[in-house]
Every structure is written in C-alpha cells, then in structure tokens.
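Engineer: Dropping a structure here in structure tokens format, bear with me for questions.
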Amino acid sequence: MSDLPQPHAFFIDQSWSNEGAEDFFILHNPATGGAIARIAVAGDAVVDRAVRAARNAFPAWRDTSPFRRAELLRALAREVDARRDEIARAVTREQGKPLDEARGEVSKVARTFEFYAAEAVRILGQTIPNEEPGFLSLVEKEALGVAAAIAPWNYPVELIGWKLGAALAAGCTLVIKPSEYTPLSAVRLIECVEAAGFPPGVVGLVQGAGATGAALVSHPDIDKIAFTGSASVGEGIFRTMGGIKSVSLELGGNCPMVVAASADLDAAVRGALRRGFRNMGQICIAVNRIYVHASLHAQFVDRLVQGAGRLTIADGLEQPAADLGPMTNAQGVAKVEAHVADARAQGARILCGGGRPDGLASGGHFFAPTVIDGCTPQMKVMSEETFGPVLGVSAFSDLDEAIRLANDGPYGLAAYVFARDVGEIFRLSKSLCFGSVAVNNVDAGIMNAPYGGRKRSGLGYEHGREGMEGYLAIKHVRIKHGA
C-alpha cells in the first residue's frame, strides 16, 4: 500500500511536514474497509520539536492582548464555517457518521471558538482586603503554559475544538494529538488555525497512537494535560505523565436513563432513540441502560423497538441524511458483539438488532440498532460502557430502586430523567450522582455550562467558563503601598 496518499501529518512552528516520521500507519474507511491513506507517526524526536516550538511561543502568546486572542478565535470560527463541508467529508470518510451529522459537528466547533473568543476578555481577578493597613492583595489569573491535548475519534473535530478554544482563550499554547482513527479531520481543522493567522508555535499537531500520546504527556515541558477517552487510558496518564502537571480528564460514561411513572412516554422513547443510537452509540454521554417504571415498561419497550426499526443505516457519504453510519473500528464492533452475547447467555431477550444488518458493505463496521429487555445489573450491557448501538432495559417498582440501580457502578458522567411529577423530578435530579443530569431532554451538555464527570468518569471540566479556567493558574500579589 505504499502508493496510498501520504498527507502531511505534523504541524510544527507553522510548517507542515512528515519530517522525522518514525513509522506510518494505514487509515481505513469504516463504511467500506478500504484503505484511505498512509499517515506518518510522530516519535519522541518529533514530539519534542512540537513541544519546544510551543514552549518558545508561549511567553509572547501569554502576553498577547486578550482582545487580540479573541479576534483570532473569531477568525478561526469563520475559517471553520467556510470549510465546513470539506472538514465534514473528512469526518465521515474516516469516522463513519453520516455527512449531515458531521456537518453539524463542524458547525458546533465554530460556535465553540466564538464562545471562547467572548470568554477571553472576561478573565477576571479580585481584590482582597488585608487586616494590616497599607496593603492591597490582588488575585490574578495567568495562563498555565504549554498544554497537551489528546482527543478521541468519536467526535474528532468537536473534542479537539473544546480544548483548542479554551486553551487559546486562556493564553496557553498547545500540542494536539488526535486519534489514529481520525487524523485527516484534525489536519483539516488545523489548516483553519493556520489560515486564521495564529503566530508560529502556538498550535502544534502530531499524529500517532499510544506511544505518541505517552511521549507527549510525559514531556517535561508540558504543564497541562487535557484528555478525552477511555477510563483505562486516563488512569494510565497518571502513571506516564512524569512530574506534577495540571490534568483534566473526560472519561467513560455508562449513562443511565430513568423513566418514571409520570413520564411522557413518547418523549422518553424519542430521547432514548436519539441518545442511545446517535453516532452508533459512540458517545461518552450515550444512554447505555434504561430503567423504566413497571407500569410503563411494556409500552416503552414496544415503542422503542418500533422506533429502532425505523432508523436508516448506510454509508454516510452515499446517504448524507441517514440516521446512522458504520461504527468506527472493528474493536468497537467486537465489544458490542461480546456484550450482546453476554446478555443473551444470561437470559435477556434481544428484541431487535443483535448483529450485522443485511445489504451493507461486507467490509464495513455496521451493526444494527439493538434493544435488549429483561436485563440484570450483572450483564455487561448494564455494568460496562458498551460504546455501541445497544440499549439495555430493565423495569423498576419504586424510585428508591431506580436511584440505587442508576447510581450503581464506577461511572458518573451523565444521567437522564423523564418525569412530569415535580416531586419525582426534584428527587431524581438531587439523588443521581452524576456531573450532568438532563430532565425531559437528552442534551446533557451545552457550551456555556460546565461539563465533567465524577468517580471513574474523570476530573476537571470542559465547556463554559470552567473549561477555560482549567488552563489558568492563580497568582496572589500582595502590595505594600504605605499608610
């Protein structure tokens, strides 16, 4: 496959190249299985070049007026909007989601940059009174330094954008490592950074897999690590980062939905279909497990199965408006198959899906939307993050039971509630131990509110002002002015 395209993979000091590549890997289209490109792998020397460029650029970028930083972020948003379709096609080609959905992801990235452009000029401190006369204490916020941003493949430009916008607004420089499954969309996004006019070294890009990420987070000149991905890799960062560094981690979910006795049944079904199957369930905040009050259980399951059967699944470039595309990689499909097999072996009922759909490319990573009823807490579909188009359903008899089941387990990213009774709403939203709780909707995250998890779902925040605060350090300045 040496005749495959070899696009430039490294962006260092405002220059694109594959210079110093340690190796190459083959990128595949998940809808067809066909090879797309050969992508250069950054070894330690390339990572060191990128980090040193970011370190050299940091003092001037830190001292750049926040109004100038905001101006550049707005220019970046305009570039992304202008190249939306080009970036979206790269997303669909290498990640699999339908083209219309990919276009929506790219548009959200542009809005992210606009949001952080506004926040860049709102980095505020405070004055603190002193007990002793003649002193003034100032609390200031300053950029932390050089950030390492490691993003996953499920939202390959949006999850880079969260880190990129917040870090640049705060005055940090950063080096980005995208997933090895989605390198081309990252290249397209960083081309927008280049076109927007950011100074050399402020943003760097390196490609590779786990070894490249380890070299980046362990580099002694990295001050801040921002990672989105699996809990196991997040925990590994603490073992490999070397030294004391600021860390924010957005990890796994295994998110529950509670459908209370007072719920609007149609709204709950629509929510489960959207947040359970969108992007083939490859979302950290995807609904994994559903607990339905016994009085609604039979109707809910019947309508959910009907809705799943109406979803269209296709190659997202051929059918841009399809509901679902392929899963991104073979490992994901294998995990889904294992979870379905485990549920079946333990007595659950596979009501729809459960395998590869007919009539699609044999080399593609397609899996049919799957509903499993009669699930127990011991089944993998209820106790682990499936990260695929599978919904496990179980009935409950009272809210105490629903709360216990929902809170059980090591994750605490997001939870969903459908209820119309005010008492049920407030009890559930108070009792569910998750970073986000969405009530009567399934959009747990909005850009101007903090987004983060508890327990094994991570630490720190993205979105909102809190997302930018993670790239800032506090300094206390105590001034004696005489009295």
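Engineer: Would you mind telling me which numbered condition in (1) of a type in the set (Asp, Glu); (2) under 20 Å from residue 270 (Cα atoms); (3) without any contact (Cβ under 8 Å) to a residue 40 or more places away in the chain residue 421 fails?
Structural biologist: Every condition holds for residue 421 apart from (3).
Engineer: Continuing with this model, one more query. State yes or no: is residue 178 in contact with a helix residue (DSSP H, G or I) (Cβ under 9 Å, 6 or more places away or on another chain), assigned by TED's automatic domain parsing to the domain that holds residue 85, surrounded by fewer than 24 Cβ atoms within 10 Å (Cβ to Cβ) and closer than 23 Å to residue 48 by Cβ?
Structural biologist: No: the conditions fail for residue 178.
Engineer: Which of (1) surrounded by 20 or more Cβ atoms within 10 Å (Cβ to Cβ); (2) within 30 Å of residue 183 (Cβ to Cβ); (3) touching a strand residue (DSSP E or B) at 6+ places or on another chain (Cβ under 9 Å) does residue 233 not meet, given it meets every other one?
Structural biologist: For residue 233, the failing item is (1).
Engineer: For segment 1-48, what are the residues that are part of a helix (DSSP H, G or I) and either surrounded by fewer than 20 Cβ atoms within 10 Å (Cβ to Cβ) or touching a Pro at 6+ places or on another chain (Cβ under 9 Å) (or both)?
Structural biologist: Selection gives 44, 45, 48.
Engineer: Collect the residues in segment 445-458 that are assigned to a loop (DSSP other than H, G, I, E, B) and surrounded by fewer than 22 Cβ atoms within 10 Å (Cβ to Cβ), keeping them in residue-number order.
Structural biologist: 445, 446, 447, 448, 449, 450, 456
Engineer: Would you say residue 130 is part of a loop (DSSP other than H, G, I, E, B), buried (at least 18 other Cβ atoms within 10 Å of the Cβ) and either at negative phi or without any contact (Cβ under 8 Å) to a residue 60 or more places away in the chain (or both)? Break it down stepwise before answering.
Structural biologist: On the way: part of a loop (DSSP other than H, G, I, E, B): yes; buried (at least 18 other Cβ atoms within 10 Å of the Cβ): no; either at negative phi or without any contact (Cβ under 8 Å) to a residue 60 or more places away in the chain (or both): yes.
When the stated conditions are applied, residue 130 does not pass them.
Engineer: Let me ask something additional. Being more than 24 Å from residue 296 (Cβ to Cβ), touching a strand residue (DSSP E or B) at 6+ places or on another chain (Cβ under 7 Å) and small (Gly, Ala, Ser) is the filter here; which residues of segment 326-353 pass it?
Structural biologist: none
Engineer: Go through 258, 301, 233 for me and flag whichever is part of a strand (DSSP E or B) and either at negative phi or not assigned by TED's automatic domain parsing to the domain that holds residue 416 (or both).
Structural biologist: Just one listed residue meets the conditions, 258.
Engineer: On to the next question. Given the criteria surrounded by fewer than 16 Cβ atoms within 10 Å (Cβ to Cβ), over 30 Å from residue 241 (Cβ atoms) and touching a strand residue (DSSP E or B) at 6+ places or on another chain (Cβ under 9 Å), does residue 135 qualify?
Structural biologist: The answer is yes for residue 135.
Engineer: What pairs can you find where one residue is in segment 315-343 and more than 21 Å from residue 99 (Cβ to Cβ) and outside the structural domain of residue 96 (by TED's automatic domain parsing), the other is of a type in the set (D, E, K, R) and surrounded by 19 or more Cβ atoms within 10 Å (Cβ to Cβ), and their Cβ atoms are less than 6 Å apart, with a gap of 6+ or different chains?
Structural biologist: Close Cβ pairs (under 6 Å, with a partner that is of a type in the set (D, E, K, R) and surrounded by 19 or more Cβ atoms within 10 Å (Cβ to Cβ)) amount to 339/380; 342/380.
The values are calculated or read from the model by the stated rules, or taken from the named source; none is laboratory data. If you're wondering where the values come from, they're calculated on a predicted model, not measured in any experiment. Ideal geometry is used to build each Cβ from the backbone, glycine not excepted, and the neighbour counts take in all protein chains shown.
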